[in-house]
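All remarks here apply to the structure that follows.
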Amino acid sequence: MVKVKLYVEGAGQTDLERTQCRQAFSAFFGSAGLAGKRPRTVPCGGRQSAYDAFVTAVRTAKTGELPLLLVDAEEAVIAGRTVWQHLKTRDNWDKPDDANDNQAFLMVQVMETWFLADREMLRRYFGANLRLNHLRAWPSLEDVSKAEVFGALEMATTACTKKYAKGKISFELLGELHPASVEVACPHVKELLQSLRNL
């Protein structure tokens, strides 16, 4: 059986944040039907740290180990461009010689984009004061800019007891997501989940 380690951008500041991140991704993958194939999530902090950790993991991987990289795209991915082409253009990152094309995945444009795909979860979490009018019916969520995603979540939760913030709240939301809704709205999430299912 392949042991998958997923090197993710984010949550590198404290042990508590790293634990919350691992638990949230574990819940998300479990809800996606991957209970037996859940990758071990490795929170890495910044995106450069995630890439560096992934490169090292690829270089030192033992038989039966599969390192994967998951980072924000930070901006729209041009149609027809592969993940590695996007990362080369945006970050000047090269695919390691021993890595395959399907070992890197993108949260397009940021992980918070996923939350906009599951309005029911947002309603449950934030309650009756959530201002849904600030969460527009975008035709393509992955085309919504990072600034617009954060702005929409901030405005929508202004009147809520809990307001959207990175960290604990973002991980609680990730753990509550309905993956099927996110897969429909975010093709890059579908690609990640299908790849894990096919292992």
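Please treat every number below as a calculation from the coordinates, not as lab data. The shown structure was predicted, so the numbers you read here are calculated from the model rather than taken from an experiment. Note: ideal-geometry Cβ built from the backbone for every residue, glycine included; neighbour counts use all protein chains shown.
Based on alpha-carbon atoms only, what is the radius of gyration of the stretch 87-199 relative to the globular estimate 2.2 N^0.38 Å?
My calculation over the Cα atoms of the stretch 87-199 gives 1.18.
Could you tell me which chymotrypsin sites (Phe, Trp or Tyr not before Pro) in the stretch 101-195 are loop residues by DSSP with no more than 10 other beta carbons within 10 angstrom of their beta carbon?
Answer in residue order: no site qualifies.
Please get the size of the charge dipole for the chain, origin at its Cα centre, with Cβ charges of +1 on Lys and Arg and -1 on Asp and Glu, quoted in debye to the nearest 20.
That gives a dipole near 540 debye.
Modelling each spin label as a point 7 Å along the Cα-to-Cβ direction, I'd like the Trp138/Thr158 distance in nm, to one decimal.
1.9 nm
Loop only per DSSP, at most 10 neighbouring Cβ atoms within 10 Å: give me the trypsin sites (Lys or Arg not before Pro) in the stretch 49-105, ordered by residue number.
Lys62
Which angle between 0 and 90 degrees, to the nearest 10, do you get for helix 187-197 versus the longest principal axis of the chain when only C-alpha atoms count?
Here the helix axis deviates by roughly 50 degrees.
Enumerate by residue number the trypsin sites (Lys or Arg not before Pro) in the stretch 115-145 meeting two conditions: DSSP loop (anything except H, G, I, E, B), and at most 12 other Cβ atoms within 10 Å of the site's Cβ.
Hits after loop and neighbour filter: Arg136.
If R₀ is 35 angstrom, what is the calculated FRET efficiency for the pair Thr60 and Glu172, using the beta carbon separation as r and rounding to 0.05? Working shown, then result.
On the way: r = 33 Å, r/R0 = 0.96.
Plugging the Cβ-Cβ distance into 1/(1 + (r/R0)^6) gives 0.55.
Any chance you could count the Lys pairs in the stretch 95-168 whose alpha carbons are under 24 Å apart, treating pairs 8 or more apart or on different chains as valid?
4
If the cut-off is a Cα-Cα distance under 20 Å, which aspartates and glutamates reach Lys5, setting aside same-chain residues fewer than 8 apart in sequence?
Lys5 reaches Asp15, Glu17, Asp52, Glu65, Asp72, Asp94, Asp97, Asp98, Asp101, Glu191.
Report the equivalent ellipsoid semi-axes for the chain in whole Å, largest first, defined as the square roots of five times the eigenvalues of the gyration tensor built from alpha carbon atoms.
Semi-axis lengths for the chain are 28, 18, 16 Å.
Pop a pseudo-label 7 angstrom from the Cα along the beta-carbon direction at both Arg81 and Ala128 and give the gap in nm to one decimal.
4.6 nm
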